[in-house]
Amino acid sequence: MAGVIKKTTGLVGLAVSHNPHERLRILYTKILGSLQTMPQDAAYRKYTEQLITQRFNHVKSEHDVEKLEKKINCGQIEEVISQAEAELALSRKMTEWKPWEPLVEEAPANQWKWPI
Amino acid sequence: MAASLVRFVRSGFGRSLNVAKQSAAIVQTRTTTTETRPTVRPKDPVTHTQLSEFGEYIAEILPKYVQQVQVTCFNELEVMIHPEGIIPVLTFLKDHTNSQFNNMIDLTAVDVPTRQYRFEIVYNLLSLRYNSRIRVKTYTDELTPLDSSVPVHQAADWYEREIWDMFGVFFANHPDLRRILTDYGFEGHPFRKDFPLSGYVEVRYDDEVKRVVAEPVELTQEFRKFDLNSPWEAFPAYREPKDAPKLESGDKPAK
């Protein structure tokens with residue numbers, strides 16, 4: 001069964017990936033590298049490192065694509081690849097925005113009060 | 001997906017206090033009686049805790065912009081942010097693997113004239129992967145521009161045009177911010193609370209000039225304003241605590 005590549009993802013515009021393990025390996029290493037630029041105690045870095053290393057371990061241990069999809073449990077492997085690409089872009093933008101800093105400005109006193 | 005989140009409670013996490021105090025999130029927990037009336041919506045504490053944990057997760061990752069997080073009594077998660085954080089928060093919610101809110105359902109504004117920042121901009125997002133919804137709220141006043149969310153969600157294009165047209169909130173970096181619902185030469189922002197119901201102008205066809213002209217509105221009947229206050233208290237659950245009369249120093253308390 002290993003070595004049979006699926007014909008189609010079933011999703012319009014999403015092509016079947018021929019080397020998903022390789023692609024995920026590259027993306028996850030890049031994400032982890034980008035996370036290193038953030039301070040150690042940043043919550044985004046903590047949670048994302050945890051999540052990405054968990055998925056990375058799945059990718060490293062499981063060589064069958066279908067079983068890997070089940071292990072990660074987040075849709076097809078091509079969707080997992082696009083999630084990783086989005087996470088990589090996000091982590092690069094997070095290093096610019098630095099959202100772990102304290103609150104920029106408090107809202108005025110009655111801003112969120114409801115009913116008025 | 002809350003099962004995959006590690007619940008990490010920081011000490012002095014002030015935001016979680018706001019969740020408890022928030023007026024819209026008062027959940028009357030009936031721990032002993034089971035609700036039998038069919039017209040009363042059954043409470044779902046499991047979803048409520050999942051959503052509030054996810055709200056804390058977001059507030060922990062983005063403390064720079066998130067001012068408040070609440071879960072309404074209908075189990076809807078709302079995140080209130082500072083207007084500078086529109087693009088970061090929306091990009092985070094769209095791209096992060098644990099959230100994946102890549103669908104913008106709605107973008108509206110609410111006008112509350114009594115506030116300092118009268119317009120409250122509301123973004124409704126949907127995550128197809130996790131089948132969950134979230135609401136992001138910001139604020140602005142009549143003159144301060146907001147960042148356009150079109151680079152993040154293409155769907156925001158016409159919604160922001162509508163907010164500009166109807167409320168007068170300007171969106172910076174919008175690809176094409178022009179009127180969308182009002183007439184071509186229309187002046188004013190109709191959805192503001194101080195804009196009258198009948199408007200200021202009415203149009204009619206004038207045969208002399210052979211075109212439609214706009215003239216000040218003439219109502220056949222003078223506008224009647226009804227006083228709709230009822231003698232009974234409307235919201236007993238949201239009573240404000242009355243301040244006790246304060247004594248100046250030197251006064252003796254009355255016996």
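No lab work stands behind these numbers, since they all come straight from the coordinates. Here the structure is a predicted model, which is why all the values come from computation and not from measurement. Here Cβ is always computed from backbone atoms with ideal geometry, including for glycine, and neighbour counts include all displayed protein chains.
Take each of the peptides A:44-53, A:18-27, average the number of other beta-carbon atoms within 10 Å over its residues, and list them starting from the highest. Numbers along the way, then the final one.
Working: A:44-53: 18.9, A:18-27: 15.2.
Top of the packing list down: A:44-53, A:18-27.
In terms of Cα to Cα distance under 13 Å, which aspartates and glutamates are near enough to A:K6, apart from those fewer than 8 places away along the same chain?
Here the aspartates and glutamates satisfying the reach criterion relative to A:K6 are A:D64, A:E66, A:E69, A:E78.
In percent, how large is the relative contact order of the stretch B:45-182, given Cα pairs closer than 8 Å and 6 or more residues apart? Don't skip to the answer; put the middle values down first.
Details: 268 pairs, mean separation 25.4, N = 138.
Relative contact order, the stretch B:45-182: 18 percent.
Taking the stretch A:42-96, how many lysine pairs are there with alpha carbons less than 25 Å apart, if each pair must be eight or more places apart or span two chains? Could the numbers behind the result be given before it?
Values: A:K46/A:K60; A:K46/A:K70; A:K46/A:K71; A:K46/A:K93; A:K60/A:K70; A:K60/A:K71.
Close lysine pairs under the 25 Å cut-off: 6.
Between B:R224 and B:V212, what is the label-to-label distance in nm when each label sits 7 Å out along the Cα-to-Cβ direction?
3.1 nm
Mean residue ellipticity at 222 nm from the helices of chain A, using -39,500 (n - 2.57) per DSSP H segment of n ≥ 4 over the full residue count, to the nearest 500 deg cm²/dmol?
Numbers: 4 runs with 64 residues, N = 116.
The helix-only estimate for chain A comes to -18500 deg cm²/dmol at 222 nm.
Check each of the chymotrypsin sites (Phe, Trp or Tyr not before Pro) in the stretch B:156-234 and keep only those in coil by DSSP with at most 11 other C-beta atoms within 10 angstrom; list them in order. Please report the intermediate quantities before stating the final value.
On the way: sites: B:W158, B:Y159, B:W164, B:F167, B:F170, B:F171, B:Y184, B:F186, B:F191, B:Y200, B:Y205, B:F223, B:F226, B:W232; in loops: B:F170, B:Y184, B:F186, B:F191, B:Y200, B:F223, B:F226, B:W232.
Passing sites in the stretch B:156-234 are B:Y184, B:F223, B:F226, B:W232.
Does the protein assembly as shown come out rounded, prolate or oblate by the C-alpha gyration tensor, with a ≥ b ≥ c the root eigenvalues, rounded set by a/c under 1.5 and, if not, prolate when a/b is larger than b/c and oblate if not?
Because a/c hits 1.5 or more and a/b fails to exceed b/c, the protein assembly as shown counts as oblate.
Once each part is reduced to its C-alpha centroid, what is the distance from the stretch A:68-116 to the stretch A:1-52 in angstrom?
Between the Cα centres of the stretch A:68-116 and the stretch A:1-52 lies a distance of 16 Å.
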